[in-house]
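The values are calculated or read from the model by the stated rules, or taken from the named source; none is laboratory data. Because the structure is a prediction, the values reported are computed rather than measured. Note that each Cβ is placed from the backbone with ideal geometry, even for glycine, and that neighbours are counted across all protein chains shown.
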């Protein structure tokens with residue numbers, strides 16, 4: 001697929017998803033409210049609804065989806081495994097543990113975000129340190145260490161839920177399922193995303209080479225060990241930031257890169273920014289459905305991504321099997 005029509009379509013999709021998200025909800029808003037936002041007239045009710053409620057949540061949904069899709073693309077190259085997703089190395093478990101500790105203490109806001117990000121970075125350092133040790137750092141060793149650390153965080157999360165009073169349990173469970181109900185304007189997420197996209201473009205050529213194998217990459221002058229460490233750190237920071245904003249939202253980072261590869265996108269200089277646009281749009285649509293399907297009640301957005309993600313992923317596996325069968 002050519003880059004220009006691909007990015008034109010993805011940008012149009014993102015703008016459409018954003019418009020629908022801003023216009024849809026329990027309070028009717030229309031073109032005049034959006035025009036009031038653009039012109040700076042902040043007195044109308046619809047304008048306040050868009051600025052104070054829908055825009056922060058929509059922005060958080062787009063940034064979170066973009067970060068998860070980017071992290072998924074990086075992880076799949078790093079582990080050379082198309083089933084890898086942003087949570088496979090336990091970063092989300094560390095973030096969830098930090099967030100639940102703060103919720104257990106009755107805190108929120110900046111404390112919740114800070115604790116989640118700190119827990120994610122702690123998990124990243126644990127996996128990196130234990131998988132490297134005093135010997136060589138192989139992908140199998142990294143993956144196994146991440147799976148074990150994730151299992152350990154899961155046990156800690158279960159222990160915290162067992163200790164939690166009932167009045168805190170609902171909020172904790174919603175956060176674990178991925179929830180944007182209390183999202184604010186994701187300034188830190190925008191900063192990480194804007195800093196990470198140029199890094200993704202700069203690493204694209206090296207990632208293309210490494211996708212053909214580490215020996216091939218090393219023979220062509222790529223510093224494989226340094227590249228693996230850098231990709232791991234970037235993917236972990238993306239994941240940590242996304243989890244800090246919205247909790248654990250599954251399937252976005254797993255499915256989005258697959259969808260683009262099915263469209264014929266193989267060059268990571270195109271795949272990664274395209275994943276950011278598609279991932280952000282996908283989570284925007286899912287969040288709009290989560291808050292409107294059963295209104296005035298709202299669902300955790302992670303439920304919607306899982307309900308859509310499971311059949312979509314099974315379909316992708318079926319398509320891949322059919323393609324390999326034809327090639328064979």
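Here is a list: 57, 48. Which entry is more than 19 Å from residue 316 (Cβ to Cβ), over 14 Å from the mean Cα position of the chain (by Cα) and crowded, with 24+ Cβ neighbours inside 10 Å?
From the options 57, 48, the qualifying one is 57.
Just to be sure, is residue 212 closer than 29 Å to residue 126 by Cα, assigned to a helix (DSSP H, G or I) and more than 12 Å from the chain's Cα centre (by Cα)?
Here the answer is no, as residue 212 does not meet what is asked.
From the list 93, 146, 114, pick out the single residue that is under 19 Å from the mean Cα position of the chain (by Cα) and within 20 Å of residue 300 (Cβ to Cβ).
The match here is 93.
Between 189, 213, 158, 250, which is without any contact (Cβ under 8 Å) to a residue 24 or more places away in the chain and under 25 Å from residue 268 (Cα atoms)?
Of 189, 213, 158, 250, the one residue that is without any contact (Cβ under 8 Å) to a residue 24 or more places away in the chain and under 25 Å from residue 268 (Cα atoms) is 213.
Could you tell me which numbered condition residue 161 fails, if it satisfies all but one of (1) under 21 Å from the mean Cα position of the chain (by Cα); (2) at pLDDT 80 or above?
Condition (1) is where residue 161 drops out.
Results for (1) touching a residue at least 24 places away in the same chain (Cβ under 8 Å); (2) crowded, with 18+ Cβ neighbours inside 10 Å; (3) part of a helix (DSSP H, G or I), shown as yes or no for each residue.
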{"site": "96", "(1), (2), (3)": "yes, yes, yes"}
{"site": "99", "(1), (2), (3)": "yes, yes, yes"}
{"site": "115", "(1), (2), (3)": "no, yes, yes"}
{"site": "149", "(1), (2), (3)": "yes, yes, yes"}
{"site": "154", "(1), (2), (3)": "yes, no, yes"}
{"site": "162", "(1), (2), (3)": "no, no, yes"}
{"site": "181", "(1), (2), (3)": "yes, no, no"}
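Results for (1) part of a helix (DSSP H, G or I); (2) over 20 Å from the mean Cα position of the chain (by Cα); (3) modelled with pLDDT of 90 or more; (4) more than 23 Å from residue 253 (Cβ to Cβ), shown as yes or no for each residue.
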{"residue": "194", "(1), (2), (3), (4)": "yes, no, yes, no"}
{"residue": "200", "(1), (2), (3), (4)": "yes, no, no, no"}
{"residue": "203", "(1), (2), (3), (4)": "yes, no, yes, no"}
{"residue": "218", "(1), (2), (3), (4)": "yes, yes, no, yes"}
{"residue": "225", "(1), (2), (3), (4)": "yes, yes, no, yes"}
{"residue": "233", "(1), (2), (3), (4)": "yes, no, no, no"}
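Among the listed residues 169, 125, identify the single one that is closer than 27 Å to residue 186 by Cα, at pLDDT 85 or above and part of a helix (DSSP H, G or I).
On inspection, the qualifying residue turns out to be 125.
Can you find a residue in region 101-111 that is surrounded by 17 or more Cβ atoms within 10 Å (Cβ to Cβ) and either touching a strand residue (DSSP E or B) at 6+ places or on another chain (Cβ under 6 Å) or within 28 Å of residue 272 (Cβ to Cβ) (or both)?
So far as region 101-111 goes, no, none of its residues is surrounded by 17 or more Cβ atoms within 10 Å (Cβ to Cβ) and either touching a strand residue (DSSP E or B) at 6+ places or on another chain (Cβ under 6 Å) or within 28 Å of residue 272 (Cβ to Cβ) (or both).
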